[in-house]
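One structure below.
Bear in mind these aren't lab numbers, they're just calculated from the coordinates by the rules spelled out. Just so it is clear, the structure is predicted and the values come from calculations on it, not from any experiment. Cβ sites come from the backbone with ideal geometry, for glycine too, and all protein chains shown count toward neighbours.
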């Protein structure tokens, strides 16, 4: 048996012993996702047991080094773990922007001291992070951001407002883009880290068209941030932000690509019994695009692994994947008819189809709009002039 | 298997790309033969060069003198054919007829394979009956007659049928028109009595025939595989043809797109390069995305076909449909973004549009294949 086969056998046995049956059920609502942090509570004992087992094994962040709370798995071992978890339908033990976004930035730009402290806190689910990027006047043109940190020697005093801060009301700390030099647009931003309990920080949830409030407005009113709480270099936070945006686009484009790659015609036929012939034709055309995109996703990941993908290719994946997902939910609504208009009924699990449909409209806005993605493709891949 | 070319395949791609850009170029082949009203619609000399390069036998087994490679490699040749709009009987001979012959007896392969590998012979396939690809229905009939068969019926869109030394004909030997079973494939030599061609030049300057079989007497040894057992072979031929046509379509799409993106970087209006206008940038970027996806699924289908996977049939249809969409978009955007010059015969972009139209129909169009995807998915 190869080392990898041994690892697979061990992993399988470990999962069998440690992943409770309840944690092998599909995630049904936000309560089923454990986000960690100071304010976190477990939905049930199974969720707690599963999280703790993974935390102790380093499996909340399996590919991170052991000294930072991970399990130090090689890419091949991490893949085996993913496969084995997928095989039994195991839920992720911990979800967080710390794992997906800040962690990768710290691994790349952080000091040893920062990595030891922050990465361990993330891996152990002790601190829940949120991301402070967008501002009311700085959406697609993010680099125009105005939130300002005034240098007071050993600390900054931060004033301004962020918007679309995911789960800011539930987060413990924020990683935040703050202008520290008003004279340099790109080289005048610092990537700061601070506690959401610092005096002067307040949040206000935004009610969305889906009826949910995953995002907040976040206000900073004379917030004191110690001068050692930044990542990378002072005034070079844009480099960190760009790195993270690339990572985010890769994540969005890669996330549930298997779901996006599955056809929906057969599922909708089962649900509705009969399909209008013109709708059937549209579904068939959609399924062609979805199945083709699944091959694209596979090719993209294969190429990323060996460094063959164009560095701007995640922008294309994000563009194509999110536009496809919007179409998917338009068709689900069309096939469902009046039944999926129900907003609160038990039959629709509280209006799930309609709320999901509305949620997908943000796919092509968040993390860079489709239009920005097309700009990047024009400039960096097609090398069109003046783009 | 990772979804990108191996080092060997990349090397092949470089070799083929260079060869086709030189020898298969639009001015040297497509325009040359078109402007001389060539009745074959392609150059035999280039076909011989294909043989010297090993392309003609790329899918032919090593025992039969070929290279014994797969559909990924054949697809590399086809993509470059597409990019250069090279008129060539490669798809009909080496991919379609070649795939059929692989299921033939030793005698049959011994009779036809050497000519294919050496570039002496050109083959065609006669499947379609009517203006649309509907291989589920086959009316052309072959009745038992002595030790052989008597073939009657009419086939359409027989690409390069008038130049073919042998035509693979799908005919019904039993059952009703719409039956899946009861099909037999025949290798019909060019000089048989009772076969007549009505040769037509198509929009892309390629040649095809309406071919009529009027009591054509065939020997029993013209049968490819088993009598009444031809559907399975036909399906393999169709799969190879669909994936092959998709690969050529990817080449057409990339050729048209590259040409158009170059044009956006050269043409000036309103004192600017037109590629500076966001209205055009976004359309070009969307096109890029579609063409990349079409290429990915085509390689996926090639790999599944080479692996003998049962998913190959579905992905072959997905690939043909997706390429139909993406290449169609590439040529339409290409002509529009070129503006007035795109409407002229002098400029090559219009040739891409014409080739795409013919290729879109060949082996089934986007609607046919999207319909198949729906059926195979269960709705």
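Before moving on, here are some points about what is shown:
- Whether region B:7-122 is rounded, prolate or oblate, judged on the alpha carbon gyration tensor where a/c under 1.5 counts as rounded: oblate
- Between region B:109-125 and region A:22-58, the alpha-carbon center distance in angstrom: 65 Å
- Modelled this way, with points 7 Å down the Cα-to-C-beta line, the labels at residue A:224 and residue B:131 are 8.2 nm from one another.
- Average other protein chain Cβ within 10 Å of Cβ, residues B:323-330: 1
- Ranked by the mean number of other Cβ atoms within 10 Å per residue, highest first, peptides B:259-266, B:362-369, A:10-17 order as B:362-369, B:259-266, A:10-17.
- Helix B:71-84 vs. chain B, principal-axis angle (Cα, 0 to 90°, nearest 10): 50 degrees
- Global size of chain B as Cα Rg and Dmax, reported in angstrom: 20.6, 78
- Region B:254-298-region B:305-342 distance, computed between alpha-carbon centres (Å): 16 Å
- From its DSSP helices (H runs of at least four residues, each -39,500 (n - 2.57)), chain A gives a residue-normalised ellipticity at 222 nm of -12500 deg cm²/dmol.
- Each residue, residue B:279 and residue A:66, gets one label point 7 Å from its Cα in the Cβ direction; the gap between the two is 6.3 nm.
- When each of A:213, B:93, B:206 is scored by the number of other beta-carbon atoms lying within 10 Å, the sequence from fewest to most is A:213, B:206, B:93.
- Note: relative contact order over chain A, using C-alpha pairs below 8 Å and six or more positions apart, is 11 percent.
- Pairwise Cα distances in the protein assembly as shown exceed 36 Å for 53 percent of all pairs.
- Computed from Cα atoms, the angle from the helix B:44-53 axis to the main principal axis of chain B rounds to 90 degrees.
- Relative contact order computed over chain B (Cα-Cα under 8 Å; 6+ residues apart), in percent: 16 percent
- Most mobile listed residue (B:99, B:212, B:56) in chain B, GNM with C-alpha springs under 10 Å: B:212
- Per-residue extension of 0.36 nm, minus the Cα-Cα distance of residue B:48 and residue B:219, leaves a gain of 58.6 nm for this segment.
- Of all the options A:87, A:24, A:128, the one that moves most in a Gaussian network model of chain A with Cα springs shorter than 10 angstrom is A:87.
- Taking the Cα atoms of region A:14-68, the ratio Rg/Rh between the radius of gyration and the Kirkwood radius comes to 0.97.
- For chain B, built as a Gaussian network whose Cα springs stay under 10 Å, the top-fluctuating residue of B:203, B:323, B:159: B:203
- Extending 7 Å from Cα along the Cβ direction at residue A:31 and again at residue B:345 yields two label points whose distance is 7.5 nm.
- From its DSSP helices (H runs of at least four residues, each -39,500 (n - 2.57)), chain B gives a residue-normalised ellipticity at 222 nm of -16000 deg cm²/dmol.
- Cut-off 18 Å, label 7 Å out along Cα→Cβ of residue A:347, residues of region A:1-43 by amide N: none
- Prolate/oblate/rounded call for region A:3-95, Cα gyration tensor, a/c under 1.5 rounded: oblate
- Rounded, prolate or oblate (a/c below 1.5 giving rounded, otherwise prolate when a/b exceeds b/c) for region B:125-227 by Cα gyration tensor: oblate
- Ranked B:133, A:329, B:44, criterion: other C-beta atoms within 10 Å, fewest first: B:44, A:329, B:133
- Using a Förster distance of 56 Å, the FRET efficiency for residue A:242-residue B:35 (Cβ separation, nearest 0.05): 0.60
- Note on B:1-13: average number of Cβ atoms from other chains within 10 Å of each residue's Cβ is 2.
- Annotation: the residues B:154, A:38, sorted from fewest to most other C-beta atoms within 10 Å of their own C-beta, follow the order A:38, B:154.
- For region B:25-103, averaging the sequence separation of C-alpha pairs within contact (under 8 Å, six or more residues apart) and dividing by the residue count gives a relative contact order of 31 percent.
- 10 Å Cβ neighbours from other chains, averaged over peptide A:371-378: 5
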